[in-house]
Each structure stands twice: as structure tokens, then as C-alpha cells.
Amino acid sequence: MSISDKQLQAKIDELPKELAPERELWTGIEKAINQTSANEVESSQKQGAKVFMPTAWAASLVAAVLVTWLSLSPSGGIDANPEPSLVAAITQDFSQQKQLLLTSFGQPDTAQLSESMKAELDKLANARASIVAALEDDENNTDLLNLLQWTQQQELELIKRLYRPQWQTI
């Protein structure tokens with residue numbers, strides 16, 4: 001049973017120009033589209049929750065570290081110079097120790113000091129000032145920092161020796 005071209009063309013011409021489905025398909029298509037987009041939204045929300053949780057933990061950790069750092073910083077907060085230099089801290093500590101020593105022994109009577117003792121105190125004070133000046137150019141120089149601490153310790157020891165004879169007689 002072979003059909004000729006003319007017969008085939010006649011059959012094609014008899015077909016309706018538009019084919020209508022047996023039932024309304026758009027409701028099913030809309031339902032499938034909505035269900036697919038709802039599933040995509042739900043899965044993207046789950047994926048977003050998976051990404052959000054570690055991000056929230058990391059942000060919380062960073063915030064806690066920042067608050068701790070700011071509250072424990074020596075300056076007590078943010079200012080133009082957030083961290084005092086090490087030299088300033090060492091110098092301040094020395095000043096406090098010296099003041100404590102002088103307070104416990106009383107004010108020195110430098111008139112009663114020998115010339116060698118006065119010269120020694122002056123040398124130590126000048127050396128300390130020179131080291132601090134050198135540290136302004138290179139404040140991370142550990143040798144200079146150690147030398148500053150040693151010089152300060154020597155000055156404190158000299159002050160203790162100054163008062164030791166008086167203190168022992170009490």
C-alpha cells in the first residue's frame with residue numbers, strides 16, 4: 001500500500017490547522033512549573049541555610065575576638081595610636097618602680113651623696129635617655145630594649161644601695 005505524493009498531500013490538507021488536546025493541559029503545566037520552582041526555592045533555602053550557619057558562626061567568632069581585643073587593649077578603646085609602644089610601656093614601668101622605691105624610702109638627700117655616686121646616677125640617667133632616643137628610630141631592636149631594661153635595673157639597684165644604710169639602721 002503505497003501512497004502517492006498527491007494522495008499524501010491531500011491527506012495533509014485535510015488535517016485541521018490547529019490540533020486541540022483532548023483536555024486542558026495548561027493547569028497541569030502551571031502546576032508542574034510551580035512545583036518545580038517551589039522545590040528549587042526550598043532547596044536553595046536549604047542550601048542558603050547550609051551556607052548561612054557557618055558564616056554566622058564565623059561572624060560571631062570574629063565579633064567576640066574583636067570585642068575582647070578592644071576591651072583588653074592597654075588604651076581601653078580605639079584612638080589615634082591604638083597600641084602604645086613597647087618603649088613607652090617599659091619607661092612607664094620603670095617610672096612606677098622608681099616612684100614606689102622612692103616612696104618607700106623617702107626623698108633622697110642628694111647633698112649627702114658622694115661625687116662618684118652622683119656621677120653614676122647621672123651616667124645611668126643619660127644612658128637611659130640615649131637608649132630611649134635610639135629606640136625612637138628602631139623600637140623593635142631587642143638589643144636596645146634589653147639594654148634599656150638593664151640600665152633601668154641598674155639605676156634602681158643604685159637607688160636601693162643609696163638607701164640601704166639608712167634602711168638597715170631603722
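Scan the range 77-113 residue by residue and report those that are at pLDDT 65 or above, of a type in the set (Val, Ile, Thr) and loosely packed, with under 14 Cβ neighbours inside 10 Å.
Listed by number, the list holds a single entry, 103.
Within the range 40-55, identify whether any single residue is modelled with pLDDT under 75 and more than 55 Å from the chain's Cα centre (by Cα), and answer yes or no.
No.
The values are calculated or read from the model by the stated rules, or taken from the named source; none is laboratory data. Since the model is a prediction, treat every value here as computed from it, not as a measurement. When we count neighbours, we look across all protein chains shown, and the Cβ atoms used for this are built from the backbone with ideal geometry, even at glycine.
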